[in-house]
Amino acid sequence: MNRRAFLSLAAVSPLAHLLPAFARQPPRDQDEITADVVVIGAGVGGVACALAAARNGLRVVLTESYDWIGGQLTSQAVPPDEYPQIETLPCTRLYGAFRTKVRDFYKRTYPLTDAARAKADLNPGNGTVSKLCHEPRAALAVLLELLAPHLSTGRVRLLQPYAPVAADLEADTVRAVTVVNKLGRQVTLVAPYFVDATETGDLLPLTRTEWVTGSEARRDTGEPHAPLEASPRNHQAFTVCFAMDYEEGADHTGPEPPEYRRWRDYRPQMTPPWPGELFSWTMSHPITLRSRDMGFNPTGATPAGRPNLWTYRRIIDRANFAEGTFAGDICLVNWPQNDYWLGNLYDVPAGDAAAVLAAGRSLSRCLFHWMQTEALRPGGRVGWKGLRLRPEVTGTDDGLAMAPYVRESRRIRALFTVTENHVGTDARARATGRKTGDFTAEQFRDTVGIGSYRIDLHPSSGGDNYIDVSSLPFQIPLGCLIPQRVENLLPACKNIGTTHVTNGCYRLHPVEWTVGEAVGELVAFSLARRRNPRQVRRDDALLKDFQGALTKAGFALAWPDDVAKQPR
């Protein structure tokens, strides 16, 4: 081989601390597995990629670092964030099937009320963030069901928990990736294609694929909301989510967590300013950045004139279930108050990444204790002592999610990068000179899917407050899925060719699913036609054939005209 690269996981990944020291020593034994495609990371995009490749007859190796596959939906415990038209226009037929199967799962396995069982659009939690708020375990069960026939036949081989530690390169081609488990067993995976579906783009440094992090300079992207100077270490906050319920009259308070008083008194320092203490029901409005009063009431009563955070990401509404099934509603906490922005999870020393993740977990524990003991209640009382963490829901010992919810990853330097000028409502208005309702997001000749979400950037480690601006229903161009140089590595998570700004609307569940599924189809098409992804994009006839294959597989490649002009 002309060139080999073996880089340590400790240098590139926040997962390094999960592996004991001996796991990073020379292996006692090492196996080799060959496949048509290796997918590293079994989050939303990774699973969708594996399913698409397998249905096309490919042999797939799928690896995952955590005990649950499913990423955002499961180990990170984030109920789906979706666009309003998702019920009638799912991004792909397979994603629509996933959503239907989640509802069927509840109808088959839970004692629902007759009214709930009769609802075609059952929302188990009746959360306001989505038309389908459900438990992480429900998503896990459905994803495993979708994979089951491929796992049983051996078409998909799932290695879990395994993390990538090294790559073998020749010129611009990845030859192999080595993964390791907690016992020190190493497996070398060999395939013509590799997919980075990790949450932080861990294969990019291992394979020396060019990438970018943080915020780009306005002079480079032309984006109205980009800063004047680039800031590669300016990453969006991550969140360690947790699940809780409430028992009226009970006292579930425990000892004060370490660092509790620090977090209770912490006042964020950012630009524009945060309105006060982080642990408060008053926070920055994401869009206006003015002070915004929220409410919180786990008894179900709506706080006067204020949105109720309890129902925002509620994943179980006990009113949907037979009396006695649940002691109370179950709420998933992914709020500004437990966003962690005081450090980054990657491209820092492994010890620093571990410390940052530990601090994020500590923040969530302290927020929970504050809600139990000091949070202001209606009528001037303080503390909801009946709040209780639900480890059964998250599959952990403490009720916190297995994995942090990572909003922003390393991003490939792609053949094409989506900027705010392609999808932002105000930016498009300036570019077209038209009034809102008379223009769409950029229409891409190489579209491979659709998505829709506001450009929603959470506070960042560089000291920025929210950046939350309107966007238009958009397309996913094939060019943003292809690295500039490396031939056979493709992204399938949040590591695609977006900017810091447009990551804010391309990072949610349906888009990650679509990206992963499109990449699985792309690998199958490229192998069948004996052409690489660059050639597929460059050749009009090949591209048309590939888009036809996507349409046949159930992809929506463009929005209906009336929807395309409706800004979020």
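Descriptive notes on the structure:
- Rounded to the nearest whole Hz, the Karplus-based 3J(HN,Hα) values (6.51 cos²θ - 1.76 cosθ + 1.60, θ = phi - 60°) of segment 519-536 follow the sequence 5, x, 5, 5, 4, 4, 5, 5, 5, 5, 8, 6, 9, 8, x, 4, 5, 4, with x at glycine and proline.
- Cα point-scatterer Debye curve for segment 64-181, base-10 log of I(q)/I(0) at q = 0.12, 0.14, 0.20, 0.22 Å⁻¹: -0.57, -0.73, -1.15, -1.28
- Cβ-based net charge around V469, under 9 Å, with every Lys or Arg adding one and every Asp or Glu removing one: -3
- Ordering D317, D438, D398 by the number of other Cβ atoms within 10 Å of each residue's own Cβ, fewest first, gives D438, D398, D317.
- For segment 236-249, Karplus couplings with θ = phi - 60° (6.51, -1.76, 1.60), whole Hz, Gly/Pro x: 4, 4, 9, 9, 9, 6, 8, 10, 8, 10, 9, 10, 4, x
- Alpha-carbon centroids, segment 402-422 and segment 89-129: separation in whole Å: 30 Å
- Gain on full stretching of the segment that runs from A148 to A319 - 0.36 nm per residue minus C-alpha separation: 58.3 nm
- Taking 0.36 nm per residue of separation and subtracting the current Cα-Cα distance, fully stretching the chain between R530 and K544 would add 3.4 nm.
- DSSP beta bridge pairing in segment 242-394, given as percent antiparallel to the nearest 5: 95 percent
- Cα-based convex hull volume of the chain per residue, rounded to whole Å³: 153 Å³
- Computed over segment 242-394, Cα set: Rg, Dmax in Å: 16.4, 51
- Per-residue extension of 0.36 nm, minus the Cα-Cα distance of V348 and K435, leaves a gain of 26.8 nm for this segment.
- Kirkwood hydrodynamic radius of segment 421-518, from the reciprocal of the average inverse Cα-Cα distance over all distinct pairs: 14.3 Å.
- Going by neighbour counts of Cβ atoms within 10 Å, the residues V356, V423 line up, fewest first, as V356, V423.
- Residues H235, H500, arranged from fewest to most other Cβ atoms within 10 angstrom of their Cβ, appear as H235, H500.
- Segment 9-206: C-alpha pair distances exceeding 22 Å, %: 52 percent
- Near the amide H of R175, within less than 5 Å, lie the amide hydrogens of D168, L169, E170, all on another chain or at least 5 residues away, with H placed in the peptide plane.
- The Kirkwood hydrodynamic radius of segment 153-220, based on inverse pair distances between different Cα atoms, is 13.8 Å.
- Calculated SAXS-style log₁₀ I(q)/I(0) at q = 0.15 Å⁻¹ - segment 459-568, Debye, Cα scatterers: -0.73
- Hz values of 3J(HN,Hα) by residue in segment 414-430 - Karplus curve (6.51, -1.76, 1.60), Gly and Pro given as x: 9, 4, 9, 10, 7, 10, 4, 5, 8, 10, x, 4, 5, 5, 5, 4, 5
Laboratory data are not the source of any read-out in this text; all were calculated from the coordinates shown. In this text, all values refer to a predicted model and were calculated from it rather than measured experimentally. Cβ coordinates were reconstructed from backbone atoms using ideal geometry, including for glycine residues, and neighbour counts include every protein chain displayed.
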